[in-house]
1. Taking region 124-142 on its own, how many of its residues are within 14 Å of the ligand (Cβ to nearest atom) and assigned to a loop (DSSP other than H, G, I, E, B)?
2. Taking the options 158, 145, 149, name whichever one is within 16 Å of the ligand (Cβ to nearest atom), without any contact (Cβ under 8 Å) to a residue 60 or more places away in the chain and outside any strand (DSSP E or B).
3. Could you check, for region 190-203, whether at least one of its residues is within 16 Å of the ligand (Cβ to nearest atom), crowded, with 21+ Cβ neighbours inside 10 Å, under 20 Å from the mean Cα position of the chain (by Cα) and among the hydroxyl-bearing types (Ser, Thr, Tyr)?
4. Return yes or no: is residue 56 modelled with pLDDT of 95 or more, more than 14 Å from the ligand (Cβ to nearest atom), of a type outside the set (A, V, I, L, M) and more than 14 Å from the chain's Cα centre (by Cα)?
5. I'd like to check something: does region 77-100 contain any residue that is buried (at least 21 other Cβ atoms within 10 Å of the Cβ), within 16 Å of the ligand (Cβ to nearest atom) and assigned to a loop (DSSP other than H, G, I, E, B)?
6. Suppose the filter is closer than 24 Å to residue 199 by Cβ, modelled with pLDDT of 50 or more and in a loop (DSSP other than H, G, I, E, B); does residue 36 pass it?
7. Within region 113-123, identify whether any single residue is closer than 19 Å to residue 48 by Cβ, more than 16 Å from the ligand (Cβ to nearest atom), among the hydrophobic types (A, V, I, L, M, F, W, C) and crowded, with 19+ Cβ neighbours inside 10 Å, and answer yes or no.
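The values are calculated or read from the model by the stated rules, or taken from the named source; none is laboratory data. If you're wondering where the values come from, they're calculated on a predicted model, not measured in any experiment. No Cβ is skipped: glycine too gets one built from the backbone with ideal geometry, and neighbour counts run over all protein chains shown.
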Amino acid sequence: MGIPSRRRFLFSGGAALVAPSFASLVAQTGSHATSDRSPDAVLHRLIEGNRHFVAGSLTHPGRTPNDFKALSQGQNPMAAILGCADSRVPPEILFDQGVGDLFVIRVAGNYVNGAGASVKGSLEYAVAELGVTLLMVLGHSQCGAVKAAIQHLNDKDALPGAINDLVNTIKPAVLESKDKPGDALENAIRANVKRSVERLQTLEPVVAPAVHAGKVKVVGGVYDLASGKVQLLS
Ligand SMILES: [Zn+2]
């Protein structure tokens, strides 16, 4: 994957180590290629995009044939999103972003702990190789995976195949939040997102050092199916 060269750049802060080919690629590709890539600026663009979505005024950036042509030479996404596989939560649409803007990993239940190498490795790749500055864990209201974890909290072998493992992996979030006041499902959805955010913030050896160096920010959000709004978790 060529991670070592990119990691040297990330963690040394030395722009001179960037290969010229990569530097020129960055300048030419992605609809946000020339804009501010600081974590806060990227987060601001996602929040702005979600405002467009909520208001029904999508701008549909980066979706023309010319955009695709430029992107065929390489990608330069600004953020990585770990979202739920739920068909109602498509990140590019609800954040009003273009092709090439977001590196998206979607797994039912949007969790990191226990998700194995494919989820962690994908997010590490986004940081180390693609240089994203924002990682967002995006949960959503009425999440079926979290609902199942609540429903089957005390069951053993309640669900067929790997669904059972998936649901079991989310159960700690349910247990963590079960005595809190308010709606049990909403609390568990938030706890599940927060657990993933915390896991990513401490995920060695790629993400945690980038977070400590201030090069990458990890945030959590919950998408409301009814309003279309993403609420960031503190
Ligand atoms: Zn879900």
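1. Of the residues in that region, 2 qualify.
2. Going through 158, 145, 149 in turn, just one is within 16 Å of the ligand (Cβ to nearest atom), without any contact (Cβ under 8 Å) to a residue 60 or more places away in the chain and outside any strand (DSSP E or B): 149.
3. yes
4. So residue 56 fits the description; yes.
5. yes
6. So residue 36 fails the test.
7. no
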